[in-house]
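Below is one structure; the comments refer to it alone.
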Amino acid sequence: MSEPTPAPTAPLLVIDLQTGMFDGVAEPPIHDADGIAARTRALIDWARRGGRKVAFVRHDGPAGDPLAPGEPGWPVWPALGQAGDEPTFAKSVGDAFSNAALGEWVAGQGAGEVVLVGAQTDFCVAATVKGAFAVGLGVTVVSDAHSTLDSASETAGQIITRHNAEFADAGVNLVTTKALISG
C-alpha cells in the first residue's frame, strides 16, 4: 500500500454515507459502520485543518427505495458533522461524476485529484473511482474508510479487501486514515 499524501488542493469526497447506511432501519448497517463514521469524521477534520475542501455525495434512489429523496434513510448521516458551507451533490447512478456540477466544483478547487471515502465499496465507490479517472483526475482512496454490505458470495470485509487490491492495480493511491491524519 502506498502512503504519499495527496496534493493540498485535492478535496475529500464523502460518498453516500447517508442515514440509511447506518441506522439499520431498512437494511443492515454497512460493515464496521461505527468505525467508518469515526474514521470519516477524523478525515473530515484532517481536511478542514489542512484547508482542503470537503463535499458530500448523496445517492437519490428511486421512489420506494430507502435512499429516495425524502425517505428517512436519504439524508447525509448527521453524525458526520457536515458543515453548512460543504456542498452536497446528488446522483442517481453509481458514479458521482455523473453529476457534472461535482466535476465543475472539483475543477474549481484547482484539483487534479480527489480523495474518496464512503459507501458502497463495490458499487458507488468503485464507480466513482472509474468516473474520476475518466475525467482525468488522480484518485486517492482511504483504504479503511469505505465499506459495503455482505453479498451472497463474499463478506463485506472480503469485498473491501478485493476492491482495495483492484484499486491499487488500477493506479489508485491507497492510504490509511492513520497515514493521512498523522502525515
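The values are calculated or read from the model by the stated rules, or taken from the named source; none is laboratory data. Keep in mind it's a predicted model, so treat the numbers as computed, not measured. Note that we place each Cβ from the backbone using ideal geometry, even for glycine, and neighbour counts take in every protein chain shown. Ligands, DNA and RNA are stripped out before the accessible areas are found, and what is left, the full protein with its side chains, is counted by its heavy atoms. Shrake-Rupley method; radii C 1.70, N 1.55, O 1.52, S 1.80 Å.
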Next item on the list: Kindly establish whether Phe97 is closer than 28 Å to Glu27 by Cα and part of a strand (DSSP E or B).
Entry: no
Next item on the list: Out of Gly136, Gly103, report the one residue that is out of contact with any Ser or Thr (no Cβ under 7 Å at 6 or more places or on another chain) and not in a helix (DSSP H, G or I).
Entry: Gly136
Notebook entry, point to check: Residue check: is Ile30 within 23 Å of Ile159 (Cα to Cα) and either of a type in the set (Ser, Thr, Tyr) or more than 12 Å from the chain's Cα centre (by Cα) (or both)?
Noted result: yes
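Residue-wise test of (1) open to solvent by less than 50 Å² (accessible area, probe 1.4 Å); (2) not small (Gly, Ala, Ser).
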{"site": "Ala107", "(1), (2)": "no, no"}
{"site": "Ala111", "(1), (2)": "yes, no"}
{"site": "Val114", "(1), (2)": "yes, yes"}
{"site": "Val117", "(1), (2)": "yes, yes"}
{"site": "Thr121", "(1), (2)": "yes, yes"}
{"site": "Thr128", "(1), (2)": "yes, yes"}
{"site": "Val135", "(1), (2)": "no, yes"}
{"site": "Val141", "(1), (2)": "yes, yes"}
Check: Pairs under 6 Å by beta carbon, first residue open to solvent by 20 Å² or more (accessible area, probe 1.4 Å) in region 75-101, partner in a loop (DSSP other than H, G, I, E, B) and among the aromatic types (Phe, Trp, Tyr), six or more apart or different chains?
Finding: Trp77/Phe22
Check: So is Ala111 of a type in the set (Gly, Ala, Ser), under 20 Å from Ile44 (Cα atoms), more than 12 Å from the chain's Cα centre (by Cα) and not in a helix (DSSP H, G or I) or not?
Finding: yes
